[in-house]
1. Each residue of the stretch 72-85 in turn: what ³J(HN,Hα) in whole Hz from Karplus with 6.51, -1.76, 1.60 and θ = phi - 60°, glycine and Pro shown as x?
2. Taking amide H atoms as placed 1.01 Å from N in the peptide plane, list the residues 5 or more away in sequence, or in a different chain, whose amide H sits under 5 Å from that of S43.
3. Using the Karplus curve 6.51 cos²θ - 1.76 cosθ + 1.60 with θ = phi - 60°, what ³J(HN,Hα) values do you get for each residue of the stretch 87-102, in whole Hz, with x for Gly and Pro?
4. Please identify every one of the GluC sites (Glu not before Pro) in the stretch 34-98 that sits in a loop by DSSP and has no more than 13 other beta carbons within 10 Å of its own beta carbon.
5. Please list the non-local residues whose amide H lies under 5 Å from the amide H of F56, H modeled 1.01 Å from N, same-chain partners needing a gap of 5 or more.
6. Share of the stretch 72-113's accessible area from carbon and sulfur, percent, 1.4 Å?
7. On average, how much accessible surface per residue is there in the stretch 37-118, in Å², for a 1.4 Å probe, leaving out ligands, DNA and RNA?
8. Taking θ as phi - 60°, what are the ³J(HN,Hα) couplings along the stretch 45-61 by the Karplus curve (6.51, -1.76, 1.60), each to the nearest whole Hz, with x for Gly and Pro?
Amino acid sequence: MKTRILLTVMLIFMSWQSVAMPHIEYEEDLDEVTAAVKSKEISPFIDLLAIIERDFNGRVIKVELEKDDDYSEDDIWIYEIKILDADRNVVKADFDAKTFRLLAIKGHKLERFFNQNR
């Protein structure tokens, strides 16, 4: 089941962009993810990718989608993103999967990571 959704997302992403596809993992089952998308609990990753490309200096190398209660009393969907910058530093950023609000960010040299031209 997870493989099917992974392949679908990869095909959609690759048709949008010709760069290397980041590795995508789903912590929840396909039925739960599909229901969350239909109920608009999850916004499309492609929209978050556009924000990341605009606001951050780096390339997405890994994406995880999971339901988590670390940021709220209730479980919310989280995109956990790993981004590689030009100096080969890896930054991990957690985004609310519905609103794309940045929830947490960890990494080295973060001051160079944010796009100052925005």
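The values are calculated or read from the model by the stated rules, or taken from the named source; none is laboratory data. Just so it is clear, the structure is predicted and the values come from calculations on it, not from any experiment. When we count neighbours, we look across all protein chains shown, and the Cβ atoms used for this are built from the backbone with ideal geometry, even at glycine. When the accessible area is computed, the model is the full protein with side chains, heavy atoms only, and any ligands, DNA or RNA have been set aside. Shrake-Rupley method; radii C 1.70, N 1.55, O 1.52, S 1.80 Å.
1. 7, 5, 9, 5, 10, 7, 10, 8, 9, 10, 10, 10, 9, 8
2. Those qualifying (amide H under 5 Å, at least 5 residues apart or on another chain) are K98.
3. Result, rounded to whole Hz: 8, 6, 7, 9, 10, 10, 10, 10, 10, 4, 6, 9, 9, 6, 5, 6.
4. Values: sites: E41, E53, E64, E66, E73, E80; in loops: E41, E73.
Those satisfying the criteria are E73.
5. Close amide H contacts, sequence-distant or interchain: N115.
6. Carbon with sulfur: 46 percent of the solvent-accessible area.
7. Numbers: 4920 Å² over 82 residues.
Accessible surface, normalised per residue, equals 60 Å².
8. Result, ordered by residue: 4, 4, 5, 5, 4, 4, 5, 4, 5, 6, 9, 10, 9, x, 10, 5, 10 Hz.
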